[in-house]
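A.B. asks: The structure that follows is given in the form of structure tokens.
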Amino acid sequence: MNPDESKVILVKNLHFTHDKIEKIQLFVNEVLNYNKKYNLISKNSEKDIWSRHVLDSAQLTKYIDHKNFNSLSDLGTGAGFPGIILSIFYSDVLTFHVKLYEKSKVKANFIRGVIEKLEINNANIYDNDYQSHLISTDYIVCRAFKKLPEILRISRETVKKPHKLIVMMGKSAQDELNKASKDMINKYKLVPSITSSDSKILLVDAQK
């Protein structure tokens, strides 16, 4: 899928405005430029950044109810996927805030610079201190973060209840769920990813 095809889906299917697409383009430019010196994303994925990173992140908007909830935390945001993409999408929702957590100083500094340069007013970057306090948030999103049992532990022990958990997973999603079944004390479902037939998105309703 080329960049133009991805942009069509972003506009027609996911309701991104052209202004938001332009801001995402600036963000993509920053990622690719920074990636020349630092490893933000794999070199092999640079040519497919619009489908493998941008569109992959943007599809999460289908599972976020910004009218009834007002906060989201992206654990292990890396280069800002999906956190920055989501913050751009919800930039005109004055009550919605995005928290990005990243342990890499290089990546955190990159995100900090992007937030300032692109004037993203609804997002903040934090050091990876999510374990040191109770995270007060309505949604937790994870993309290439940690193994599922650890994500579930964090959801149980360090995030206020209730909250929604959204985990982007690969082709072994069902096997991972089966192995972690004793920890799955909440209602959940698996939905297909729009960017890869092998990928799934885990949606968990964490009530307790």
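A.B. asks: Take Asp74, Asp65, Asp175 and sort them by solvent-accessible surface of the protein heavy atoms, 1.4 Å probe, largest at the top.
C.D. replies: Asp175, Asp65, Asp74
A.B. asks: What does the extension gain come out to for Val11 and Asp198, with contour length at 0.36 nm per residue minus their alpha carbon separation?
C.D. replies: My answer for the length gained is 64.9 nm.
A.B. asks: So, one more: Under a point-charge model restricted to the Cβ atoms of Lys and Arg (+1) and Asp and Glu (-1), what is the dipole moment magnitude of the chain relative to its Cα centre, in debye to the nearest 20?
C.D. replies: 520
A.B. asks: Out of His97, Thr17, Ile120, whose Cα points farthest toward the positive end of the dipole of the chain (charges: +1 Lys, Arg; -1 Asp, Glu; placed on Cβ)?
C.D. replies: Positive-most Cα among the choices belongs to His97.
A.B. asks: While we're here: Want the number for Leu134 to Val93: 0.36 nm per residue separation, take away the alpha-carbon distance, what's left?
C.D. replies: Taking Leu134 through Val93 to full extension adds about 12.3 nm, to one decimal.
A.B. asks: Where a ≥ b ≥ c are the square roots of the eigenvalues of the C-alpha gyration tensor, would you call segment 66-181 rounded, which needs a/c under 1.5, or, failing that, prolate if a/b is larger than b/c, or oblate?
C.D. replies: Judged from the Cα gyration tensor, segment 66-181 comes out prolate (a/c at least 1.5, a/b above b/c).
A.B. asks: Turning to a different aspect of this structure: Quick check: the distance between the Cα centres of segment 1-59 and segment 71-93, to the nearest angstrom?
C.D. replies: Cα centroid to Cα centroid, the span is 13 Å.
A.B. asks: Given C-alpha coordinates of the chain, what is the ratio Rg to Rh with the Kirkwood estimate of Rh?
C.D. replies: Here Rg/Rh amounts to 0.94.
A.B. asks: Now for a separate question. Going down the list Lys20/Lys47; Lys67/Lys164; Lys20/Lys200, which pairs span over 23 Å between their C-alpha atoms?
C.D. replies: Where the Cα-Cα span goes over 23 Å, the pairs concerned are Lys20/Lys200.
A.B. asks: Please give the charge dipole size of segment 91-154, origin at the Cα centre, charges +1 on K and R Cβ atoms and -1 on D and E Cβ atoms. Round to the nearest 20 debye.
C.D. replies: Here the size comes out at about 380 debye.
A.B. asks: If all Cα-Cα distances of segment 138-208 are sorted into 5 Å bins from 0 onward, what percent lands in each bin, rounded to whole numbers?
C.D. replies: Reading the bins upward from 0: 4, 17, 32, 27, 14, 5, 1.
A.B. asks: Among the trypsin sites (Lys or Arg not before Pro) within segment 4-55, which fall in a DSSP loop and have no more than 15 other Cβ atoms within 10 Å of their own Cβ?
C.D. replies: Lys36, Lys37
A.B. asks: Relative to the compact globular guide of 2.2 N^0.38 Å, what is the alpha carbon radius of gyration of segment 45-123, as a ratio?
C.D. replies: 1.06
A.B. asks: Once you have the Cα-Cα distance between Glu150 and Lys36, take 0.36 nm times their residue separation minus that, and quote the gain in nm to one decimal.
C.D. replies: Gain in length upon complete extension: 37.8 nm.
A.B. asks: Could you give the dipole magnitude of segment 29-74 about its Cα centre, charging the beta-carbon of Lys and Arg +1 and that of Asp and Glu -1, in debye to the nearest 20?
C.D. replies: Using only the charged Cβ atoms, the result is roughly 160 debye.
A.B. asks: Determine the calculated [θ] at 222 nm for the chain from helices alone, applying -39500 (n - 2.57) to every DSSP H run no shorter than 4 residues and normalising by the residue count; nearest 500 deg cm²/dmol.
C.D. replies: Result for the chain, helices only: -9500 deg cm²/dmol.
The values are calculated or read from the model by the stated rules, or taken from the named source; none is laboratory data. From a predicted model like this one, the values you see are computed outputs, not experimental measurements. Heads up, the Cβs are rebuilt from the backbone with ideal geometry, glycines too, and the neighbour counts pull from every protein chain shown. Only protein heavy atoms, including side chains, enter the accessible area calculation; ligands, DNA and RNA are left aside. Shrake-Rupley method; radii C 1.70, N 1.55, O 1.52, S 1.80 Å.
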